[in-house]
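Participant: What follows is a single structure, and I will ask about it in a moment.
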Amino acid sequence: MTKYIVQGGKPLFGEVEISGAKNAAVAIIPAALLVDGICRIENIPQISDVTLCLKILEDLGAGIRCINRHTVELDCSRIRTTRTNYEMSRKIRASYYLIGSLLGRFGEAEVAMPGGCNFGGVRPIDQHVKGFAALGAKVSVEGGFIHASAGEQGLRGANIYLDVVSVGATMNIMMAAVMAKGVTVIENAAKEPHIVDLANFLNSMGANIRGAGTDTIKIDGVDRLRGGSYAIIPDQIEAGTYMAAVAATGGQVLVKNIIPKHMDCITAKLLEMGVEVEENGDTLLVRRNGRLQKTNIKTLPYPGFPTDMQPQITTVLSLAEGTSLVTEGVWGSRYRYVDELKRMGANIQVDDKTAVVEGVDHLTGAPIQAYDLRAGAALVIAALAAHGQSEITQVQYIERGYEDIIEKLRALGADIRAVEESEAAEAANVG
Ligand code: EPU
């Protein structure tokens, strides 16, 4: 097992290049199953969730050619099964996209119940199932697998109103509907940048999807998708995480290769906290000199403040002057990391969906544990800002979603390194 050792208290200076968006990549790679031809996908982030997605496709019979570190060519013209490997697909949440893509292309899918980050609450997929059923599929759960079958009739376009704004359900229904007969309309659709990215990817392969990025998406079914080439958008949350890190540590960093519009919801809050953010083309210059100021934040579906930035921004607010309120508006519970921040001296009280964050003058380094991807990123930020040394364990969660995080932070002057925990040390910890 790897752990991170961080000597905190150093401001960050320099430039950081943002990688391709994780939550777009983990949808677009499964969506390649819909394409009868070769698709070349560029700007793929090198993270463990993506590696696993590619392995699952390879196991189904996809041909995979790595052109370079961030570009792959996928050939899904000779898929040999619609049943995914149980052990691999249960490990990631995004494996639910295999249901929509296999069902959309072959009329059949058997996918292990998805796993992924556990925030301590339930992560239902009833809206996905409702969408597949509206398109005419029968969906059941047997032996740990979700079975979806279109039957002899095949999938037919339908009007689907989502009861909750769901990123996963919106994208999954889009995939299933892309080759259904007739028109599908998804109402109350999610509007996240990666929804638009998936629609752009599918359209560039021959799909007919309109309205992605609004709350009504229309999909006119086509006969087949052909191959093509597509580049994934930059990762809004990775960029926001580096912005939050500069806010917490102080310093000045140029965040490169971003789409500024996607960052507005995060930039707005950092400005309220006294962080300076200057936009120039596809870069943001982030600077923090003075004391951070309190603010209130509620997470909401896009274009609201993203839930995937909630742990990182709460960490920054734990160092701000005054009392801030953070309300989680997307997930039932996402505050498991708060106990770890408290070990570092943060003063945060959580009551259901709200965290009351009383700013402290500084945090102190401590042994801490990542419980999920974004919580892990938040602890890295806390450790970078803290006085003294921190040890972060369970960093495999962080590596699910942040490409080269150690190298990128070290290039900004951070004192952070990854070390292998010896088995003896692990045994001592367990004891
Ligand atoms: N929901 C339902 N029924 C459903 C689906 C969702 O009630 O069928 C509820 C959820 O319980 C939640 C809300 O709807 O309260 C939103 O869930 P959504 O479906 O949008 O989330 P998701 O698709 O499972 C993706 C990201 C998450 C991110 C959320 C919200 C991926 C693989 N995951 O999850 O990303 O938090 O959207 O933006 O794209 C992360 O990257 O760290 C991460 C957890």
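Participant: What is the local net charge at ASN85, summed over the other residues whose Cβ is closer than 13 Å to its Cβ (Lys, Arg +1; Asp, Glu -1)? Intermediate results must be reported in sequence, preceding the final value.
Facilitator: Details: positive: LYS55, ARG80, ARG83, ARG90, LYS91; negative: GLU58, ASP59, GLU87, GLU110.
Spelling it out: positives minus negatives among the neighbours equals +1.
Participant: If you place +1 on the Cβ of every Lys and Arg, -1 on the Cβ of every Asp and Glu, and leave all else neutral, what size is the dipole of the chain about its Cα centre, to the nearest 20 Debye?
Facilitator: 620 debye
Participant: Give me a comma-separated list of calculated 3J(HN,Hα) values for segment 78-85, in order, Karplus coefficients 6.51, -1.76, 1.60 applied at θ = phi - 60°, integers in Hz, x for any Gly or Pro.
Facilitator: 10, 5, 9, 8, 10, 10, 7, 5
Participant: Largest first and in whole Å, what are the equivalent-ellipsoid semi-axes of segment 275-431 based on the Cα gyration tensor, each being the root of 5 times an eigenvalue?
Facilitator: 25, 20, 17
Participant: Return the long-range amide H neighbours of ASN347 (sequence gap of 5 or more, or a different chain), with a cut-off of under 5 Å between placed amide H atoms.
Facilitator: Long-range HN contacts for ASN347: GLU358, VAL360.
Participant: Then there is this: Net charge within 14 Å of GLU142 by Cβ-Cβ distance, Lys/Arg positive one each and Asp/Glu negative one each, not counting GLU142 itself?
Facilitator: On the way: positive: ARG83, LYS138; negative: GLU108, GLU110.
Net charge in that neighbourhood comes out at 0.
Participant: Still on this model: Using 0.36 nm per residue, how much length does the chain from LYS130 to ASN289 gain when fully extended, once their Cα-Cα distance is taken away?
Facilitator: Net length gain for the segment: 52.2 nm.
Participant: Could you state the angle between the C-alpha long axis of helix 236-249 and the longest principal axis of the C-alpha atoms of the chain, as a value from 0 to 90 degrees rounded to the nearest 10?
Facilitator: Tilt of helix 236-249: around 0 degrees.
Participant: How much length is gained on full extension from ARG123 to SER204, taking 0.36 nm per residue of separation minus their Cα-Cα distance? Walk me through the numbers before you get to the answer.
Facilitator: On the way: separation 81, 0.36 × 81 = 29.16 nm, distance 3.12 nm.
My answer for the length gained is 26.0 nm.
Participant: So if each residue of separation counts as 0.36 nm, and I subtract the Cα-Cα distance between ASP215 and MET88, what length gain in nm does that give?
Facilitator: Extra length available between ASP215 and MET88 comes to 42.4 nm.
Participant: Only bridges with both residues in the chain count here: give the DSSP antiparallel percent, nearest 5.
Facilitator: 70 percent
Participant: Where does helix 48-60 land angle-wise versus the long Cα axis of the chain, in degrees 0 to 90, nearest 10?
Facilitator: 20 degrees
Participant: Additional query: Would you mind ranking HIS194, HIS262 so that the residue whose beta carbon has the fewest other beta carbons within 10 Å leads the list?
Facilitator: HIS262, HIS194
Participant: Measure nothing but the geometry: give the 0 to 90° angle between the long axis through the Cα atoms of 193-204 and the longest principal axis through the Cα atoms of the chain, rounded to 10°.
Facilitator: Result, in degrees: 30.
Participant: Then there's this: If contacts are Cα pairs under 8 angstrom and at least 6 residues apart, what is the relative contact order of segment 22-221 in percent?
Facilitator: It rounds to 17 percent for segment 22-221.
Participant: Hey, another quick one. What is the local net charge at ALA25, summed over the other residues whose Cβ is closer than 10 Å to its Cβ (Lys, Arg +1; Asp, Glu -1)? Write down the numbers at each step before the final one.
Facilitator: On the way: positive: LYS22; negative: ASP49, ASP197, ASP235.
After counting each charged neighbour, the total is -2.
Participant: Right, here's the next one. Between ASP352 and GLN153, what's the calculated FRET efficiency when r is the beta-carbon distance and R0 is 56 Å? Round to 0.05.
Facilitator: The computed FRET efficiency comes out at 0.80.
Participant: Also, I was wondering about something else. What ³J(HN,Hα) values, in whole Hz, does the Karplus curve 6.51 cos²θ - 1.76 cosθ + 1.60 give for segment 306-318 when θ = phi - 60°, with x put for Gly and Pro?
Facilitator: Calculated HN-Hα couplings, in order: x, 4, 6, 10, 4, x, 5, 6, 5, 4, 4, 5, 5 Hz.
Participant: Here is a further query. Which pairs in the list LYS22/LYS91; LYS91/LYS298; LYS298/LYS408 are over 27 Å apart, alpha-carbon to alpha-carbon? Don't skip to the end; give the middle numbers.
Facilitator: Details: LYS22/LYS91 16 Å; LYS91/LYS298 29 Å; LYS298/LYS408 29 Å.
In this structure, LYS91/LYS298; LYS298/LYS408 lie more than 27 Å apart at Cα.
Participant: How do GLU420, GLU108 rank when sorted from fewest to most other Cβ atoms within 10 Å of their own Cβ?
Facilitator: So the residues, fewest neighbours to most, are GLU420, GLU108.
Participant: Per-residue HN-Hα couplings for segment 295-304, Karplus 6.51 cos²θ - 1.76 cosθ + 1.60 at θ = phi - 60°, whole Hz, x for Gly and Pro?
Facilitator: 7, 10, 9, 10, 7, 8, x, 3, x, x
Participant: What size of dipole, in debye to the nearest 20, comes out for segment 22-221 about its Cα centre when the only charges are +1 on Lys and Arg C-beta atoms and -1 on Asp and Glu C-beta atoms?
Facilitator: With only Lys, Arg, Asp and Glu charged at Cβ, the dipole is about 120 debye.
Participant: Rounded to the nearest 5, what % of DSSP beta bridges with both residues in segment 22-221 are antiparallel? Working shown, then result.
Facilitator: Working: 27 of 33 bridges.
Among the beta bridges of segment 22-221, antiparallel pairing accounts for roughly 80 percent.
Participant: If you wrap a convex hull around the C-alpha atoms of the chain and split its volume per residue, what is the figure in Å³?
Facilitator: Dividing the Cα hull volume of the chain by its residue count gives 133 Å³.
Participant: How many angstrom lie between the C-alpha centres of segment 308-385 and segment 265-290?
Facilitator: Using only Cα atoms to place each centre, the spacing works out to 20 Å.
Participant: Once the convex hull of the alpha carbons of segment 22-221 is built, what does its volume come to per residue, in cubic angstrom?
Facilitator: Looking at segment 22-221, the number lands at 105 Å³ per residue.
Readers should treat all values here as calculations from the given coordinates under stated rules, not as data from a laboratory. All values derive from a computational prediction rather than experimental measurement. Glycine gets a Cβ as well: all are built from the backbone with ideal geometry, and neighbour counts include every protein chain shown.
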